[in-house]
Amino acid sequence: MENEPQMREGMTGSGRTASRRTLTRDAVVASICGFVVVFMVGASYAAVPFYNWFCRATGFNGTTQVATSAPSDAPLQRKISVRFDANVGPGLPWKFEPEQNEIEVRIGEVVTVFYTVTNQAARATTGVAAYNVAPLTVGAYFQKINCFCFTEQTVGPGEKREMPVVFYVDPALAKDSENDGLNTITLSYTFYPVRDPAPKPLAAGEGDRRKGNL
């Protein structure tokens, strides 16, 4: 009987230790869950720019490449047809079309073609072009030196505008055995409306005139 209080005291201490262990384990689990949630949220925001970078770097999904200069070697004798496709997304009152539906180019030859756009609205509207090439595996070899798709385009009311595309097909295409039977590439653009276009910087003269009027 004399040992009974000691046994109860020992059991109470063990219970407290077990309780502390449970709380510690719960805290660790909660911390891990919180970290996973934060990681997933961060990953969702990072996924879009990472995907865009990956497409530009690899040509995945038909994403064309951006070249800073023409190829150093002479064009190859092999020729390939390039077709041009134009589309306008909902909400943008534009007529958009290529001046030529198809041309034949030598691989490695720098070519300039034009698209035309007409704003059919009574106000200025702004659009930005999404683009790709088909077959999708050709994106890594389709090099653009200059393109209206690199920036937003603002077109005045009723304005018709010519927009150039300067490109070449990389000679490395001819070394890819998977493209030995390739005869045609389709370059496709789709313009989408821009609700809040980026403000354009004022020219120095215009800024000075405004300051002078104050």
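Some observations on this one:
- Filter result (more than 25 Å from the chain's Cα centre (by Cα) and loosely packed, with under 13 Cβ neighbours inside 10 Å) within region 104-116: Glu104
- Subset of region 157-175 (residues that are within 30 Å of Leu92 (Cα to Cα) and either without any contact (Cβ under 8 Å) to a residue 24 or more places away in the chain or among the aliphatic types (A, V, I, L, M) (or both)): Met163, Val165, Val166
- Any hit, region 128-146, residues being in contact with a Pro (Cβ under 6 Å, 6 or more places away or on another chain) and over 20 Å from Glu104 (Cβ atoms): no
- Checking every residue in region 75-84 against the condition of being within 26 Å of the chain's Cα centre (by Cα), modelled with pLDDT of 95 or more and not in a strand (DSSP E or B) gives zero matches.
The values are calculated or read from the model by the stated rules, or taken from the named source; none is laboratory data. Being a predicted model, the structure only gives us computed values, none of them experimental. For neighbour counting, all protein chains shown are included, and Cβ atoms are generated from backbone atoms with ideal geometry for every residue, glycine included.
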